[in-house]
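The values are calculated or read from the model by the stated rules, or taken from the named source; none is laboratory data. Please read these numbers as outputs of a predicted model, since none were measured by experiment. FYI the Cβ positions are ideal-geometry reconstructions off the backbone, even for glycines, and counts take in every protein chain you see.
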Amino acid sequence: MQTHNLGYPRIGSHRELKKASEQYWAGKITAQQLMQTGSHIRLYNWQLQKDAGLDLVPCNDFSFYDQVLDTCLMTGAIPVRYHDLMQEKQLPYIDLLFAMARGYQQNGFDITAMEMTKWFDTNYHYIVPEFTAGQQFTLFNLKALHEFNEAKRHGIPAKPVLLGPVSFLLLGKEKEEGFHRIDLLNKLLPVYIDLLTQLEEAGAYYVQLDEPCLSLNLSDHERQAFTKAYQEIRSKTQLKIILASYFECYGENLPTVLRLPVQVLHLDLVRCPSQLEDILDTDIARSKLILSLGVVDGRNIWKNNFETSLAVIHQAVSRLGADRIWIAPSCSLLHVPCDLALETNEQVLTPAVRQWLAFARQKIEEVITLKQLASGETDDTLNARLRENIQANSNRAASLLIHNAAVKARTAAITDKDATRNSVFSIRKKRQQDVLQLPLFPTTTIGSFPQTTEVRSWRARWKKGELTQQQYDDLIAGETEASIRWQEETGIDVLVHGEFERNDMVEYFGEQLEGFAFTQNGWVQSYGSRCVKPPVIYGDVSRTTPMTIRWTSYAQSLTHMPVKGMLTGPVTILQWSFVRNDQPRSETCTQIALAIRDEVTDLEKAGIRVIQIDEPAIREGLPLRKENWKAYLDWAVRAFRIAAAGVKDETQIHTHMCYSEFNDIIRHIADMDADVITIECSRSQMELLDAFAAFSYPNDIGPGVYDIHSPRVPSRQEMVQLMEKARAVLPAAQLWVNPDCGLKTRGWNETRAALVEMVNAAKELRQTL
Ligand code: GLN
Ligand code: ZN
């Protein structure tokens, strides 16, 4: 029995990579210093995994930005717009990489970055490869080989990790018409084979090829590409291939997968426990295939349950023999924080909750302990570890911290009526209009206003105790008042308080809800140098005190105009947290929905007439396989409805969604039945609205009329034109005028100028009616 790991977090336990990259971009350290940080992190990670006793340690899982971008560079898939940088500028490799990731605006060049998108259903973002019909591939970069040699020099039993050729193609995009990227496989394979041959010559024995697209619904043509690729690779190299997919079952791809000529097949048994039996039921026993059992959760922070994992391992061993079984995390550990040992502040993470957790380093130890226990080793330390694990899991199951009978009773008692507004939209719309008296094309914003360095410094100083609560509150009050006054003067119709008191749209609520824990150092890479620190939902969620009433009603007290209360929706809170694994996600989501519902009704009681429940993460929560979409959308939409439906007809509920593809979920978006939905839209030139138009979406819509991602101030005319486009596909009476989301990342100057123009644009539109 062997142990291996699919990938280790690359940001460094203290976010060394983030800090060094940002210093390098700011010109404060040299490329050589940045490279040094990279090799320190790699060595630290390798040594840690080797010392823990791991048989095969991943290499080439490190990246200065993203492993898919690295694969573009490896295969020479460098879009034409960067070629001048290479030829004319002779840009060093690392600068070329960052130019592709972040764009390049220097020395007379102005080259856009490559697109970025979410890595499957994680919060990690990868760079989307760009392919053309005449795409050529060359072995352009040998990072994989260099890192293998580097590991070897340090005496690490290293296993190179590469993104497999078929997933690499599938994850990319065609940049011109007339071909399918999968048809580039013939041209791509020689590059992979060249590299694999060099790795083999350098002494590699196993290589891990990640093909996570095997977790998706594939066409026959796509499935055949896998067969072709792996037969070709087999015929050209002696390297032993570990084929890894994760995040889902192999599903209907399994028969194809089982016939691929690979030595080791990795199974994500956390996301898909049932597939082990499916596989053991086939005639696999007669082959030589080794199974890598991904039993330690690489996507979540909970301590493994040794008893459950051992039962799974024993089942596989009894069928195939121990030498055909490997133990591993379910996927790369990129998606969990580095090291629980760094959580030393008991005020932040209490020992009671901490004892239930395992981060990357602890997960490696779990993998090794599982192998030792499964192999029948016994000694005092091992016995103690097993006892400790059983203890932690059983006290978690029974803990009073987790279980709140009142919450469970309340979710069990929810009826359809609780998830339904009193009247249908057409009636609500009239009643709301009687109260709100809004003009046509009403104007509003998405919630936040600029979080200036000053505002952020107040919060930092208050947290450090340098400002008293009173002083901090006074400053926030001043900022809120200024924003209300300014919105009144500008003539915005539905105002917002500005969210100055909030650090992050999930953390702010999590900190005030029961059932949430936070870490000091639980950082996870989101993209490039950007890291997030997701809250941990460990127990039944409830709201014991109002969370937003104070600042919302303060803002409302300053003006006669309606101020929109601003909440984060249940699905988004769930999606951007580490979620408990001892009950279905739907159950946790419903609990959060009830907490938000209480806040919504309290806002109404406090005289707030418009309430926005942000749900930017609805779409990203979609399961990877289409057959699971319906179940998810049913509970996700219901959670939103539960949160929203506690109010009177007169109270107007808004929701907001960031840029996403709405076509295939529009029916469900309509089912949420928000009175108004604002969507991030301007980048698509209003094309996103087509989905709403085609569906005859009944409720009101505010398509974003300007892109807030750039400091550029749009002209009134541009915004009028965009709204004209909207009006061409939807009735004017349904339309709102608002910017895209994220004003908190902008400065006040451009925000003010742009919103003045936006209000003028709305006025112009009204005159044309
Ligand atoms: N209310 C939030 C804001 O305006 C919404 C953020 C988001 O769309 N992700 O910043
Ligand atoms: Zn948004």
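Structure values in brief
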| item | result |
| --- | --- |
| Residue list for segment 591-618, restricted to those being touching a Pro at 6+ places or on another chain (Cβ under 7 Å) and within 16 Å of ligand 1 (Cβ to nearest atom) | I596, E599, V610 |
| Residue list for segment 351-397, restricted to those being farther than 24 Å from I325 by Cα, part of a helix (DSSP H, G or I), touching a helix residue (DSSP H, G or I) at 6+ places or on another chain (Cβ under 8 Å) and not polar (S, T, N, Q) | R354 |
| Hey, K630 of a type outside the set (F, W, Y), surrounded by fewer than 20 Cβ atoms within 10 Å (Cβ to Cβ), farther than 22 Å from A691 by Cα and more than 16 Å from ligand 1 (Cβ to nearest atom) or not | no |
| Selection count, segment 724-744, where residues are buried (at least 16 other Cβ atoms within 10 Å of the Cβ) and either of a type in the set (S, T, N, Q) or part of a loop (DSSP other than H, G, I, E, B) (or both) | 8 |
| Residue within segment 563-575 that is among the small types (G, A, S), more than 16 Å from ligand 1 (Cβ to nearest atom) and buried (at least 22 other Cβ atoms within 10 Å of the Cβ) present | no |
| Unique residue being outside any loop (DSSP other than H, G, I, E, B) and within 16 Å of ligand 2 (Cβ to nearest atom) when the list is T572, T590, T552 | T572 |
| Candidates Q23, Q33, Q67, filtered to the one that is in the same structural domain as E147 (by the TED database), out of contact with any Gly (no Cβ under 6 Å at 6 or more places or on another chain), loosely packed, with under 14 Cβ neighbours inside 10 Å and polar (S, T, N, Q) | Q33 |
| Residue match in segment 398-419 (condition: away from ligand 1 (no atom under 16 Å from the Cβ), of a type outside the set (K, R), within 28 Å of G704 (Cα to Cα) and surrounded by fewer than 18 Cβ atoms within 10 Å (Cβ to Cβ)) | no |
| Tally, over segment 637-646, of residues that are more than 16 Å from ligand 1 (Cβ to nearest atom), in a helix (DSSP H, G or I) and out of contact with any Cys (no Cβ under 7 Å at 6 or more places or on another chain) | 4 |
| Near pairs, Cβ below 7 angstrom, 6+ apart or cross-chain, from segment 426-447 (within 16 Å of ligand 1 (Cβ to nearest atom)) to any residue that is aromatic (F, W, Y) | T444/W736 |
| Within segment 576-595, tally of residues that are free of Cβ contacts under 8 Å to residues at least 60 places away in the same chain and buried (at least 24 other Cβ atoms within 10 Å of the Cβ) | 3 |
| Members of segment 725-760 found to be more than 16 Å from ligand 1 (Cβ to nearest atom) and either within 29 Å of the chain's Cα centre (by Cα) or under 20 Å from I677 (Cβ atoms) (or both), listed by number | K725, A726, R727, A728, V729, L730, P731, A732, A733, Q734, L735 |
| Test for R667: is it more than 16 Å from ligand 1 (Cβ to nearest atom) and either assigned by the TED database to the domain that holds V563 or surrounded by fewer than 22 Cβ atoms within 10 Å (Cβ to Cβ) (or both) | yes |
| Filter pass, F516 being touching a Leu at 6+ places or on another chain (Cβ under 8 Å) and within 25 Å of A405 (Cα to Cα) | no |
| Of all residues in segment 672-690 being over 24 Å from the mean Cα position of the chain (by Cα) and in a helix (DSSP H, G or I), the one that is nearest to ligand 1 (Cβ to nearest atom) | L689 |
| Filtered residues of segment 647-660 (kept if modelled with pLDDT of 95 or more and either buried (at least 21 other Cβ atoms within 10 Å of the Cβ) or within 10 Å of ligand 2 (Cβ to nearest atom) (or both)) | V647, T651, Q652, I653, H654, T655, H656, M657 |
| Exclusive hit being in the same structural domain as V676 (by the TED database), within 16 Å of ligand 2 (Cβ to nearest atom), of a type in the set (S, T, Y) and over 14 Å from T444 (Cβ atoms), set S710, S715 | S710 |
| Conditions (1) over 30 Å from A412 (Cβ atoms); (2) more than 16 Å from ligand 2 (Cβ to nearest atom); (3) modelled with pLDDT of 95 or more: number failed by W736 | (2) |
| Residue among E488, E501 that alone is of a type in the set (D, E), part of a helix (DSSP H, G or I) and closer than 30 Å to L438 by Cα | E488 |
| Residue match in segment 290-299 (condition: hydroxyl-bearing (S, T, Y), buried (at least 18 other Cβ atoms within 10 Å of the Cβ) and either part of a loop (DSSP other than H, G, I, E, B) or in contact with an Asp or Glu (Cβ under 6 Å, 6 or more places away or on another chain) (or both)) | no |
| Qualifying residues in segment 647-664 (those that are within 16 Å of ligand 1 (Cβ to nearest atom) and among the hydroxyl-bearing types (S, T, Y)) - the one nearest to V496 (Cα to Cα) | T655 |
| R641 within 26 Å of Q591 (Cα to Cα) and touching an Asp or Glu at 6+ places or on another chain (Cβ under 7 Å) | yes |
